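**Q** Take a look at the following structure, please.
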Amino acid sequence: MTEEGEGQAGRCPVRVQELPPEEEARLVTLGFKGYTGLVRTQPGGMLMKARYKEMAPRFYNFDFRPDDIVVMTYPKCGTTWMQEILWGMTHLDELDEADRLAISNRTYFIDSDALYRLEDQIKDRYVMERFRSLCPDGRPEQGIILQSCRAQPPHLTKPRIIKTHFPLSLYRPDLLDRCRVVYVCRNPKDACVSYHHHCRLINTYRFEGSFEAFTKSFMAGDVFYGRFWDHVAPAWERRRHPHVHFVFYEDLQRHGLQQLHKLGRFLGLQLSREQLEMVAKHASFPQMKARDARVPMVLSSSTNGAVGGFFRKGITGDWSNVASAELDALMEEWVQEHAEPLGIRFKYAPCE
Ligand code: A3P
């Protein structure tokens, strides 16, 4: 079925098609127990919950502001880390606030309105407090995070930090002319390991199959947000646009301060070395993990604590600890086939 969204939320050329029941059944058999009621988009080939279908025009036409900072990533590539870095850079005088509010409530993960069930969103006290205070007349079914984000008073507050895993192709083409986008990319092998953990952790996905089955689905794009390359390639191609800052997770790890300096310049912030060091410490893995234990992120209530937490290892190269030689050969061939034409050389070791 095709949807062409018109009306209040504007024109939307994204086509959203329900996944055939036999395809859903195949994915459930592979171990994706939470994969029910799914849709696929064109363009983007993105796999998403059916709620996306009615919401697509609201995302496509979202009213980005000139001072917005959008963090765009394929899942598990360092999104939360970048959110904390950006928030730190723009809130140097109030870093303590991070001990009161989780990063998910200091920024806006707009996809939540398509990804999560409304019933689960409503259960989250902080999400609802922000929604009720920013949108006293808001209607939850029209998108709690989208409306909250839209209602943040312009000019009076700091820039909005907006997180999305939706690829560029699911937004209006002038997105990059309207605001700045920080795109974080990670080598797909470690992203896959991290995504496997995430899908076991979060009940929305509830993955109970093998690592091998997960990896093959990841390569085929049969995971939420679709194929890695469909996400990375359009951003990589626009990496020289003055409003795009394309950064690799591995470089952030290896050359932290240098990368933060570049990021600060991109954002037009004049940050001293001392301030950059403060931000690096504030957004370090140990600090973020410890903070999450005290002030958990949104939807941690819907996680399977038995498999661990969100802040897993935060390292480069974990793939080599978990993948068999056969799986590595398969993945390597896939990476070369796609990365070479783009001219991307991924780093897989902590100090390569
Ligand atoms: P691992 O599962 O490999 O540990 P995202 O935020 O895009 O979902 O990415 C999550 C991944 O980033 C997880 O990877 C997580 O541990 C890692 N991560 C989060 N904060 C980090 C930090 N401050 N430094 C390094 N890695 C971090």
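**Q** Choose one of 169, 307, 78: the residue whose Cα lies farthest towards the positive end of the charge dipole of the chain (beta-carbon charges +1 Lys, Arg; -1 Asp, Glu; about the Cα centre).
**A** After comparing all options, I get 78.
**Q** Continuing with this model, one more query. So what is the calculated 222 nm ellipticity per residue for the chain, using -39500 (n - 2.57) for each DSSP H run with n of 4 or more, over all residues, to the nearest 500 deg cm²/dmol? Working shown, then result.
**A** Details: 18 runs with 161 residues, N = 352.
Only helices count here, giving -13000 deg cm²/dmol.
**Q** Just to compare against my own numbers: the Cα pair-distance distribution for segment 9-342, 10 Å bins, whole % per bin, please.
**A** Values per bin, smallest distances first: 5, 26, 37, 26, 6, 0.
**Q** Further, regarding this structure: Suppose the chain between residue 118 and residue 151 were pulled fully straight at 0.36 nm per residue; how much longer would it get relative to their current alpha carbon spacing?
**A** Length gained between residue 118 and residue 151: 10.0 nm.
**Q** Same structure, new question: Leaving ligands, DNA and RNA out of it, work out the accessible area of residue 137 with a 1.4 Å probe and give it in Å² to the nearest 10.
**A** That residue has around 140 Å² of solvent-accessible surface.
**Q** Give me, ordered by chain and number, the residues 5 or more places off residue 32 or on other chains with an amide H under 5 Å from its own placed amide H.
**A** 208
**Q** Given 47, 89, 20, which one lies farthest toward the positive end of the charge dipole of segment 1-98, if we put +1 on the Cβ of every Lys and Arg and -1 on the Cβ of every Asp and Glu?
**A** Checking the options against the dipole of segment 1-98, the answer is 20.
**Q** Check which residues have an amide H placed less than 5 Å from residue 245's amide H, if you skip close sequence neighbours.
**A** When sequence neighbours closer than 5 places are left aside, the close amide H contacts are 181, 182, 183.
**Q** Could you tell me what percent of the accessible area of segment 204-299 is made up of carbon and sulfur, with a 1.4 Å probe and every protein chain present?
**A** Heavy-atom surface of segment 204-299 belonging to carbon and sulfur, 1.4 Å probe: 51 percent.
**Q** State which entries of 262/289; 123/281; 281/313; 313/347; 123/158 exceed 21 angstrom in Cα-Cα distance in the structure shown.
**A** Numbers: 262/289 25 Å; 123/281 32 Å; 281/313 17 Å; 313/347 17 Å; 123/158 27 Å.
Correct reply: 262/289; 123/281; 123/158.
**Q** Enumerate the amide H contacts of residue 163 below 5 Å, restricted to partners 5 or more residues apart or on another chain; note that Pro and chain-start residues carry no placed amide H.
**A** Long-range HN contacts for residue 163: 71, 108, 109, 110.
**Q** Can I ask one more? Give me a comma-separated list of calculated 3J(HN,Hα) values for segment 223-239, in order, Karplus coefficients 6.51, -1.76, 1.60 applied at θ = phi - 60°, integers in Hz, x for any Gly or Pro.
**A** 10, 4, 6, x, 6, 3, 5, 5, 8, 5, 4, x, 6, 4, 5, 9, 5
**Q** Just name one of 243, 196, 184: the one whose Cα is farthest towards the positive end of the charge dipole of segment 144-255 (beta-carbon charges, Lys/Arg +1, Asp/Glu -1).
**A** The residue sitting farthest along the positive end of the dipole is 243.
**Q** Rounded to the nearest 20 Debye, what is the dipole magnitude of the chain about its Cα centre when Lys and Arg each give +1 and Asp and Glu each give -1 at the C-beta? Before the final figure, lay out each step's value.
**A** On the way: 47 positive and 46 negative charges, 142 e Å.
I would put it at about 680 debye.
**Q** Express in Å², to the nearest 10, the accessible area of residue 110 obtained by rolling a 1.4 Å probe over the protein heavy atoms while all chains stay in place.
**A** Residue 110 has an accessible surface of roughly 0 Å² with all protein chains in place.
**Q** Can you tell me the accessible area per residue over the chain, all protein chains present, probe 1.4 angstrom, in square angstrom? Numbers along the way, then the final one.
**A** Working: 15350 Å² over 352 residues.
Here the per-residue accessible area is 44 Å².
**Q** Starting from the residue with the highest accessible area, list 89, 297 in decreasing order, probe 1.4 Å.
**A** On the way: 89 10, 297 30 Å².
Heavy-atom accessible area, descending, gives 297, 89.
**Q** Could you tell me the distance between the Cα centroids of segment 213-289 and segment 45-124, to the nearest Å?
**A** 15
**Q** If you count the DSSP beta bridges with both ends in the chain, what percent of them are antiparallel, to the nearest 5? Spell out each step's value before the answer.
**A** Details: 10 of 27 bridges.
Rounded to the nearest five, the antiparallel share is 35 percent.
**Q** Run the 1.4 Å probe and let me know the accessible area of residue 15, rounded to the nearest 10 Å².
**A** Probe radius 1.4 Å; accessible area of residue 15 about 110 Å².
**Q** Pick out which of 276, 118, 342 has the largest mean-square fluctuation in a Gaussian network model of the chain, springs linking Cα atoms closer than 10 Å.
**A** It is 342.
**Q** Something else now. Expressed in nm to one decimal, what extension gain is obtained for the pair residue 241 and residue 25 from 0.36 nm per residue of sequence separation less their Cα-Cα distance?
**A** On the way: separation 216, 0.36 × 216 = 77.76 nm, distance 4.17 nm.
Between residue 241 and residue 25, full extension yields 73.6 nm more.
**Q** Follow-up. In sequence order, what are the phi-derived ³J(HN,Hα) couplings for segment 164-178 according to the Karplus relation 6.51 cos²θ - 1.76 cosθ + 1.60 with θ = phi - 60°, rounded to whole Hz, with x for glycine and proline?
**A** Ordered by residue, 3J(HN,Hα) equals 8, 9, 5, x, 3, 5, 9, 10, 4, x, 8, 3, 6, 7, 9 Hz.
The values are calculated or read from the model by the stated rules, or taken from the named source; none is laboratory data. Since the model is a prediction, treat every value here as computed from it, not as a measurement. Virtual Cβ from ideal backbone geometry, glycine too; neighbours counted across all protein chains shown. Calculation scope for accessible area: heavy atoms of the full protein, side chains included, ligands and nucleic acids excluded. Shrake-Rupley method; radii C 1.70, N 1.55, O 1.52, S 1.80 Å.
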